[in-house]
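Below you'll find the structure, written out as structure tokens, and then a few comments.
The values are calculated or read from the model by the stated rules, or taken from the named source; none is laboratory data. None of the values given here were measured: they were computed from a predicted structure. For neighbour counting, all protein chains shown are included, and Cβ atoms are generated from backbone atoms with ideal geometry for every residue, glycine included. The protein model used for the area step is the full one, side chains on, heavy atoms only, and it has no ligands, DNA or RNA in it. Shrake-Rupley method; radii C 1.70, N 1.55, O 1.52, S 1.80 Å.
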Amino acid sequence: MAPMMDWTDRHCRSFMRLLTTRAVLYTEMLHARAVVHGKREQLLGFASGQSPLVLQLGGSEPDELAQAAKIGADYGYDEINLNVGCPSSRVQSGNFGAALMLEPDLTARLVEAMREAVSIPVTVKCRIGVDEQDIEQDLDRFIDRVASVGCEHFIVHARKAWLSGLSPKDNREVPPLDYDRVYRLKQRRPDLQISVNGGIETLAQCAQHGKLMDGMMLGRAAYHNPFILACVDHQVYGEEDLAMTRTQIVEAMVPYIDRELANGVRLSSITRHMLGLYLNEPGARHWRRHLSVEACLPGAGVKVVLDALALVESIREEAACRVS
Ligand SMILES: Cc1cc2nc3c(=O)[nH]c(=O)nc-3n(C[C@H](O)[C@H](O)[C@H](O)COP(=O)(O)O)c2cc1C
């Protein structure tokens, strides 16, 4: 699961972890400075059982990133990932994110500083290039330089980022996807782990990429249709098929929701990540609408979720009767 700001927060990850025990989950990007100086528990805390879990950091100061990586490792994250793919103007003004693709030496220093600070893996998520970069030579140079300090896993979003002129959203859609470029990278550097990201929507597509790639990272498709993840352990990792039904997943969320509400969390902060659970299923619209409206009301509790479940279940039963 890809790192996604405002989306892959700790509640989202607790939900996703019920769907798959094996897929690697990423946090949202956190700036190293916020981790070092900010409210740590709020930023880094997570419920147990989210492993394998990667903390994604942004930044361009070696000392700050090293400190943040150490704090993350002490918090129990399994891996630290450096963001070299985010093109937002806020990110560029701090000279980090995708802008680092223009600075292989600095990126190598950042990775080196983090690796010295922690014993868990430090990995990089990048693009195939930015702006007018040559996606052949410049990407090879970047990867070789960063790999030379010991980074062994790169997750490559298979499109360029345009640092000016495109919004972050457009930068996830407009520059064309070039999976072949990522495959060529793997062929040239078979010693490295290369994962591909960008535009992957189904597990069938994952299987295709999996013939050449070490990993596949899904973002929007899995967030909007989280039930995709229920087949990952079996279809991608070859585990026995123990996937829960949607109903079981909702029921399994209830104790988590209860605990979080008792700690003062608002129901909608959790349920907003669950809206897509019934996508393309009978009752999907009712599920989404009930949760969207009711979970925002003052005092909303776990009953809202159980009512939404009862509603969707009755619609599904009706639909099943009609079919039979
Ligand atoms: C709402 C949103 C927030 C994102 N935030 C981050 C982020 O914090 N760090 C990052 O590396 N990429 C971020 N991305 C990019 C995704 O990780 C991913 O690279 C991109 O969406 C392409 O994959 P997809 O086509 O499977 O969604 C974000 C994407 C979205 C949609």
inquiry  = Here is a list: Gly59, Gly76. Which entry is at positive phi and either out of contact with any Leu (no Cβ under 8 Å at 6 or more places or on another chain) or away from the ligand (no atom under 16 Å from the Cβ) (or both)?
reply    = Gly76
ask   = What is the number of the single condition among (1) under 21 Å from Ala2 (Cβ atoms); (2) among the basic types (Lys, Arg); (3) modelled with pLDDT of 95 or more; (4) out of contact with any strand residue (DSSP E or B) (no Cβ under 7 Å at 6 or more places or on another chain) that Arg159 does not meet?
value = (4)
remark   = Log entry, pairs with first residue in region 276-299 being farther than 23 Å from Val323 by Cβ and among the polar types (S, T, N, Q), second being outside any helix (DSSP H, G or I) and open to solvent by less than 70 Å² (accessible area, probe 1.4 Å), beta carbons closer than 9 Å, six or more apart or on different chains, reads Ser292/Leu275
task = Quick one: which residue in His37, His31 is more than 13 Å from the chain's Cα centre (by Cα), touching a residue at least 60 places away in the same chain (Cβ under 8 Å), within 29 Å of Arg259 (Cβ to Cβ) and open to solvent by 10 Å² or more (accessible area, probe 1.4 Å)?
result = His31
key: Close pairs from region 123-149: first part of a helix (DSSP H, G or I) and open to solvent by 20 Å² or more (accessible area, probe 1.4 Å), partner modelled with pLDDT of 95 or more and within 16 Å of the ligand (Cβ to nearest atom), Cβ under 6 Å, at least 6 apart   = Asp138/Gly129
message = Quick test for you: out of Arg13, Arg22, Arg17, pick the one residue that is modelled with pLDDT of 95 or more, part of a loop (DSSP other than H, G, I, E, B), among the charged types (D, E, K, R) and under 23 Å from Asp233 (Cβ atoms).
response = Arg22
message = Between Val196, Val232, Val182, Val254, which is in a helix (DSSP H, G or I), within 13 Å of the ligand (Cβ to nearest atom), surrounded by 13 or more Cβ atoms within 10 Å (Cβ to Cβ) and in contact (Cβ under 8 Å) with a residue 24 or more places away in the chain?
response = Val182
query = On the given criteria, is Val149 in the same structural domain as Leu53 (by TED's automatic domain parsing) and farther than 19 Å from Ala98 by Cα?
reply = yes
message = His273 - would you say it is open to solvent by 70 Å² or more (accessible area, probe 1.4 Å), in contact (Cβ under 8 Å) with a residue 24 or more places away in the chain, within 16 Å of the ligand (Cβ to nearest atom) and under 30 Å from Cys126 (Cβ atoms)?
response = no
